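A quick write-up on the structure given underneath.
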Amino acid sequence: MAINYSVKMKSKKLDEKVLIKAFEKFGLRSKNIEILSEGICMDFFEELGFYVYLTDGSNYPYNSWITKFGEEFVFERTLEFRFNKEYKYLEKRYSIMVAIVFELMLSLGEEAIFINNDDKELCLFKENGEVLLNNEDGIWNQNYFKDIILNNNQRNT
């Protein structure tokens, strides 16, 4: 079973070109970009131990998520990271993923939910730039995330 993290986005502000540029900003280039019927797959398997998928959401109710706040969140696009369990450099992988997610969602002003493998909401990005962090498990206490979230308009839920 793979380890997955996904970002469910309310709109289609994030496209393939913006995603590729975000990785390039961090000095990363996919070895292979596969065009899918509803999006793309970027290969960072050797370098970072993951694949990145950007896909369109399906139709209602399959593109709906009930948040921990009891609200229905209907999404149009999903950004998914599929991790290799055997990859050794966990801090590097996680910090790059989180940095890219925060950079993209905040720069686009995207309303989105960041979800882990267990379907737990890690954070909710609001259109106004506010980030609601779910720190029930202490994930945001990791030292390698502090610089990423430090200067953002976040609050714990």
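When the stretch 12-38 is filtered for residues that are part of a loop (DSSP other than H, G, I, E, B) and touching a strand residue (DSSP E or B) at 6+ places or on another chain (Cβ under 7 Å), the ones remaining, listed by number, are Lys12, Leu14, Leu28, Ser30, Lys31, Asn32, Glu38. Here Asn4, Asn59 are screened, and the one residue that is farther than 14 Å from Ala112 by Cα and either part of a helix (DSSP H, G or I) or over 14 Å from the mean Cα position of the chain (by Cα) (or both) is Asn59.
Residues in the stretch 85-113 that are more than 21 Å from Lys25 (Cα to Cα) and in contact (Cβ under 8 Å) with a residue 40 or more places away in the chain: Lys85, Glu111, Ala112, Ile113. Taking the criterion of being touching a residue at least 40 places away in the same chain (Cβ under 8 Å), of a type in the set (D, E, K, R) and out of contact with any helix residue (DSSP H, G or I) (no Cβ under 7 Å at 6 or more places or on another chain), the residues of the stretch 1-60 that qualify are Lys8, Lys10, Lys12, Lys25, Asp56. What do you reckon, is Glu80 within 18 Å of Lys120 (Cβ to Cβ) and either aromatic (Phe, Trp, Tyr) or free of Cβ contacts under 8 Å to residues at least 12 places away in the same chain (or both)? Answer is no for this residue.
Restricting the stretch 31-78 to residues that are surrounded by 14 or more Cβ atoms within 10 Å (Cβ to Cβ) and among the aliphatic types (A, V, I, L, M) leaves a set whose member that is farthest from Tyr5 (Cα to Cα) is Ile33.
For the stretch 139-153, state whether one or more residues are surrounded by 14 or more Cβ atoms within 10 Å (Cβ to Cβ) and among the charged types (D, E, K, R). No; the residues of the stretch 139-153 include none that is surrounded by 14 or more Cβ atoms within 10 Å (Cβ to Cβ) and among the charged types (D, E, K, R).
Figure legend. Inter-residue proximity from the stretch 124-153: first residues modelled with pLDDT of 85 or more, second residues of a type in the set (Val, Ile, Thr) and assigned to a helix (DSSP H, G or I), beta-carbon distance below 8 Å, spacing 6+ or different chains. Indicated pairs: Val131/Ile149; Leu133/Ile149; Trp140/Ile149.
Residues are listed down the side, and each one gets a yes or a no for (1) touching a Phe, Trp or Tyr at 6+ places or on another chain (Cβ under 9 Å); (2) modelled with pLDDT under 95; (3) among the β-branched types (Val, Ile, Thr); (4) within 24 Å of Leu132 (Cβ to Cβ):
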site: Ile35; (1), (2), (3), (4): no, yes, yes, no
site: Glu46; (1), (2), (3), (4): no, yes, no, no
site: Tyr51; (1), (2), (3), (4): yes, no, no, no
site: Leu54; (1), (2), (3), (4): no, no, no, yes
site: Asn59; (1), (2), (3), (4): no, yes, no, no
site: Glu72; (1), (2), (3), (4): yes, yes, no, yes
site: Asn84; (1), (2), (3), (4): yes, yes, no, no
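The values are calculated or read from the model by the stated rules, or taken from the named source; none is laboratory data. This is a predicted model, so every value here is computed, not measured. Quick reminder, even Gly has a Cβ in these numbers, built from the backbone with ideal geometry, and neighbours come from all protein chains shown.
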